[in-house]
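Take a look at the structure set out below.
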There are 2 protein chains.
Amino acid sequence: MTVVYNRVALIGLGLIASSMAHAMRQAGLVGSIVGHAKSAETRAAALELFCDEVFETAAEAVKGADLVVLCVPVGAMGTIAAEISAHLALGATVTDVGSVKRAVVDAVQPYIPEGVHFIPGHPLAGTEYSGPRSGFATLFKNRWWLLTPLEGADEAATQRLRGLLEAIGANVDVMDIEHHDLVLAVVSHTPHLIAYTMVGVADHMRRVSEQEVIKYSASGFRDFTRIAASDPTMWRDVFLTNKDAVLDILGRFAEELFVLQRAIRMGDGEHLHAYFTRTRAIRRGIIEAGQDTSAPDFGRTAPAAGGGGEGKE
Amino acid sequence: MTVVYNRVALIGLGLIASSMAHAMRQAGLVGSIVGHAKSAETRAAALELFCDEVFETAAEAVKGADLVVLCVPVGAMGTIAAEISAHLALGATVTDVGSVKRAVVDAVQPYIPEGVHFIPGHPLAGTEYSGPRSGFATLFKNRWWLLTPLEGADEAATQRLRGLLEAIGANVDVMDIEHHDLVLAVVSHTPHLIAYTMVGVADHMRRVSEQEVIKYSASGFRDFTRIAASDPTMWRDVFLTNKDAVLDILGRFAEELFVLQRAIRMGDGEHLHAYFTRTRAIRRGIIEAGQDTSAPDFGRTAPAAGGGGEGKE
């Protein structure tokens, strides 16, 4: 592989930044990787694992970088942009990995100087873990990375970024900003809120103990808990900044749920059966498109014998 | 292992029955395994894969069996019980694997003759697949199998059944019938309904294409689609027969969701952050209890390169 960027500055050093660093380094795509995180502990871990140099401020970190990747929670993007604005190198590309795009563009764009290219992005990849030790080089393999370039964006800069992302395994699509935020509200943001809610309901029940919820979770509930274990700060910011689209989809969700609830109350088995049959087809489509494994139960292996029998220790 | 039952009759030959058969046979726990299913195709598959003999009627299948396992959807249990009633052997044990227990007990118990032991049961194990070819011997390994024996149940018969279930890898718990139905409404039935609903919402959206939903599903949505790919008949019956508990939990779910929805609308980040932090702890408990893998993203492997780039063909 040829070097695509000489110096990459990662601002925020969690799951996405650390995975990018591992992937870029393994493929020999970049000269050096530098970084900034607020926490000294995070900086130390990044220096140990994947950064050539770390800095106490974002402003120092971006100096001389030809690619700057903003990997902080969506709500922190504006502050970071203001901080780095005067220190960005002429001709540099700034991108971000935020799950919401309109709010990030509005927060960051005003701070991008003439001669610097801002190309907003969003990798649809992650796990329920966070922090600099959670990254791995294959996180983006065959995952979508959406770019939402602004009007008049520099074509060469966009192609260069796209080349890097494809070289670390991602499939790149270009999308309109508003459409991105709506699509993500459907496939990601609302499902996360619903998972959080269901886990919260179980947590609040008095007649069913937490111990029971945990013991018997394999019957469906545990899949919700994985999603509901995602980073609280990241998700708070997503819901606050993609408010309109999320409220729109939540409204539709509540309507559909009430229709099914009514069918249960009225004993309308035909309605339920027809609904449950249609949803099966979507699963088939996802597997055919290579976006999930067809192995039963995600191919999870049975947990170690005895563990389930012991409960919490 | 010693033989626990001489002749086991499996009524209904889907995922649970086929997994039981494979597990019992591998461990040498039973003399012979016979079965009945409505469909000739299913009977042929079962005969090929795990049954010594199959029968066109449930009545023939149960003759001479010392263990009868009812593995049909909850809504079909009563009809089957009426059919087999006069053909059950004296001293035989009848159990079932239905996900709802009050409705099964009410439907089956009246048909259990004097001298036959009815011990209702429910294995908390499954995958999103169904049918006689979907079973495998380790399905119950370290999974809970709940028994809800009736008042005055024969202790020796209960212990014998328990011995079989433990020998195929399950952890057995005894539970009160009504409590079972409430616990399952929380950890299984309501999560399934919610997953079906979310997939339905995505299916109905006009502004987001099905193609987009499928392509970008890795961002959270695809976990819901696995659950929403479960057997429609089985789940229709669950909701119709555990109506009260499911409606109770759905009511609580809607309340909680509205509170979070309001927090989003009002921009109450503190409320959201606190809520999302609490739900993380439950996930930790499930992993510590050995009821799920701690591997990121369930340990799913990345799908084959290229698949995601092609979409549906």
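The values are calculated or read from the model by the stated rules, or taken from the named source; none is laboratory data. Only a predicted model underlies this, so the values are computations on that prediction, with no experimental measurement involved. Neighbour counts run over all protein chains shown; Cβ positions are idealised from the backbone, glycine included.
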Which one of the conditions (1) in a helix (DSSP H, G or I); (2) facing chain B (nearest Cβ under 7 Å) does A:ASP248 fail to meet, given that it meets all the rest?
(2)
Please name all residue pairs, on different chains or six or more residues apart, with Cβ atoms under 8 Å, provided the first residue is in the range B:271-295 and is farther than 14 Å from A:SER217 by Cβ and the second residue is buried (at least 16 other Cβ atoms within 10 Å of the Cβ) and of a type in the set (D, E, K, R).
B:LEU272/A:ARG236; B:HIS273/A:ARG236; B:PHE276/A:ARG236; B:ARG278/A:ASP203
Looking at (1) under 27 Å from the mean Cα position of the chain (by Cα); (2) modelled with pLDDT of 90 or more; (3) within 19 Å of B:GLY126 (Cβ to Cβ), find the lone condition where A:PRO296 falls short.
(2)
Every listed condition ((1) within 17 Å of the chain's Cα centre (by Cα); (2) of a type outside the set (Gly, Ala, Ser); (3) under 30 Å from A:ALA40 (Cβ atoms)) holds for A:TRP144 save (3)
Answer residue from the range B:219-245, given it is of a type in the set (Gly, Ala, Ser) and at the interface with chain A (Cβ under 7 Å from one of its Cβ atoms) and is surrounded by the most Cβ atoms within 10 Å (Cβ to Cβ) among those
B:ALA228
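Report the residue count in the range A:153-196 for those that are of a type in the set (D, E, K, R) and either within 9 Å of chain B (Cβ to nearest Cβ) or buried (at least 23 other Cβ atoms within 10 Å of the Cβ) (or both).
Start the filter on the range A:153-196 by keeping residues that are of a type in the set (D, E, K, R), which leaves A:154-155, A:160, A:162, A:166, A:173, A:176, A:178, A:181.
Retained after the next criterion (residues that are either within 9 Å of chain B (Cβ to nearest Cβ) or buried (at least 23 other Cβ atoms within 10 Å of the Cβ) (or both)): A:173, A:181.
Residues meeting the conditions: 2.
Checking the structure you have, find out if any residue of the range B:183-200 is under 20 Å from A:GLY220 (Cα atoms) and not in a helix (DSSP H, G or I). So that I can check it myself, show each step before the final result.
First, pick out the residues of the range B:183-200 that are under 20 Å from A:GLY220 (Cα atoms): B:183-200.
Filter once more, so that each one left must be not in a helix (DSSP H, G or I): none.
Scanning the range B:183-200, I find no residue that is under 20 Å from A:GLY220 (Cα atoms) and not in a helix (DSSP H, G or I), so the answer is no.
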Tabulated pairs, the range A:207-218, first more than 7 Å from chain B (Cβ to nearest Cβ) and touching a residue at least 40 places away in the same chain (Cβ under 8 Å), second charged (D, E, K, R) and outside any helix (DSSP H, G or I), C-beta under 9 angstrom, 6+ apart or interchain
A:GLN211/A:LYS312
